[in-house]
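Enquirer: First the structure, which I've put down as structure tokens, then a few questions once you've had a look.
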Amino acid sequence: MDDKINDIIEASAKLFQRCGIKSISMDDIAKELSISKKTLYQFVKDKRQLVELSVEYFLVENKFHQNISCEGSNAVEQYFMVYQQVVKMISTANFSVEYDLQKYYPDLHKRVVEVRQKRMFNGIKLNIEKGITEGLYRSEIDVEIISKLNVLLSESMHNYEFLSDNKAELIKIMKMNFDYHIHGIASEKGLIEYNRIKNNLNNQAN
């Protein structure tokens, strides 16, 4: 029973991610799973519940902001790791998913935003504290304020109507925000490390 519902949730979440939420019906989900709609309704009562379960699935799967505080690398390297993960996420994202959530399931969208912002804030805060300890970030900066500012800037990139649904443009904006953040908090030692990593990545790309 548990395995079956987990299969349904995973398949539904991936279908929503690929095609958007509004355009997908329970018939589409049943067809994707190669089961009857009657069988599907034995596990979930309606599409609303399935969307809710899919949201929880995504919140469990997408925890890359927590990796910003992982061990084994310095603070600047960790921030680069998250940047690369975000670029990958944007490259494969379907922007209609968040739009559909916001319009048709505002309570679920609110939960997604709250969890995303909390994870982002905690990850950035830990990264800044680590960077200060390592001498890579300036010790006089206000960690709480800078963390909140970065969350606000990052969250604004989810305003697709104001910005664009052009992924290349969003990646460019995100890259500039990343550069802006590092230059705002890095010490001289941190900037040297930042340029070293950036040059290495550029050399690998060429």
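Yes or no, residue by residue, for (1) surrounded by fewer than 18 Cβ atoms within 10 Å (Cβ to Cβ); (2) within 24 Å of S91 (Cα to Cα); (3) touching a strand residue (DSSP E or B) at 6+ places or on another chain (Cβ under 6 Å):
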position: K118; (1), (2), (3): yes, yes, no
position: L136; (1), (2), (3): no, no, no
position: I145; (1), (2), (3): yes, no, no
position: V151; (1), (2), (3): no, yes, no
position: S154; (1), (2), (3): no, yes, no
position: K167; (1), (2), (3): yes, yes, no
position: K172; (1), (2), (3): yes, yes, no
position: K198; (1), (2), (3): yes, yes, no
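Enquirer: Name the one entry in I132, I141, I145 that is at pLDDT 90 or above, not basic (K, R) and not in a helix (DSSP H, G or I). Even if it seems obvious, please write down each step before you answer.
Expert: Values: I132 fails: not in a helix (DSSP H, G or I); I145 fails: not in a helix (DSSP H, G or I).
Step by step, each of I132, I141, I145 is checked, and only I141 is at pLDDT 90 or above, not basic (K, R) and not in a helix (DSSP H, G or I).
Enquirer: Go through the stretch 115-144 and count every residue that is within 21 Å of the chain's Cα centre (by Cα) and among the aliphatic types (A, V, I, L, M).
Expert: Looking only at that region, the number is 5.
Enquirer: State all residues of the stretch 104-114 that are in contact (Cβ under 8 Å) with a residue 24 or more places away in the chain and either of a type outside the set (A, V, I, L, M, F, W, C) or surrounded by 17 or more Cβ atoms within 10 Å (Cβ to Cβ) (or both); if no residue qualifies, say none. Can you show your working first?
Expert: If we filter the stretch 104-114 for residues that are in contact (Cβ under 8 Å) with a residue 24 or more places away in the chain, which is where we start, we get 104-105, 108, 111-113.
Hits for the stretch 104-114 are Y104, Y105, L108, R111, V112.
Enquirer: Also: Could you please tell me which pairs satisfy a Cβ distance under 7 Å, a separation of 6+ or placement on different chains, a first residue in the stretch 69-84 that is assigned by TED's automatic domain parsing to the domain that holds R196, and a second residue that is at pLDDT 90 or above and not in a helix (DSSP H, G or I)?
Expert: N74/L136; A75/L136; A75/Y137; V76/L136
For every residue, the table says whether it meets (1) of a type outside the set (V, I, T); (2) part of a helix (DSSP H, G or I); (3) at pLDDT below 95; (4) under 18 Å from the mean Cα position of the chain (by Cα).
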site	(1), (2), (3), (4)
A11	yes, yes, yes, no
K14	yes, yes, yes, yes
Q17	yes, yes, yes, yes
D27	yes, yes, no, no
Q49	yes, yes, no, no
L59	yes, yes, yes, yes
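Enquirer: Does H109 satisfy the criteria of being of a type outside the set (S, T, N, Q), part of a loop (DSSP other than H, G, I, E, B) and closer than 26 Å to Q49 by Cα?
Expert: Numbers: of a type outside the set (S, T, N, Q): yes; part of a loop (DSSP other than H, G, I, E, B): no; closer than 26 Å to Q49 by Cα: yes.
Here the answer is no, as H109 does not meet what is asked.
Enquirer: Additional query: Being buried (at least 18 other Cβ atoms within 10 Å of the Cβ) and of a type in the set (V, I, T) is the filter; apply it to the stretch 120-134 and report the residue that is farthest from G190 (Cα to Cα).
Expert: I124
Enquirer: Something else: Within the stretch 63-93, take every residue that is outside any helix (DSSP H, G or I) and modelled with pLDDT of 85 or more and give me the one that is surrounded by the most Cβ atoms within 10 Å (Cβ to Cβ).
Expert: Residues of the stretch 63-93 that are outside any helix (DSSP H, G or I), as a first pass: 63, 70-74, 93.
Adding the requirement that they be modelled with pLDDT of 85 or more leaves 73-74.
On the way: S73: 13, N74: 17.
The residue in question is N74.
The values are calculated or read from the model by the stated rules, or taken from the named source; none is laboratory data. Computed from a prediction, not measured in an experiment: that's the story for all the values here. Quick reminder, even Gly has a Cβ in these numbers, built from the backbone with ideal geometry, and neighbours come from all protein chains shown.
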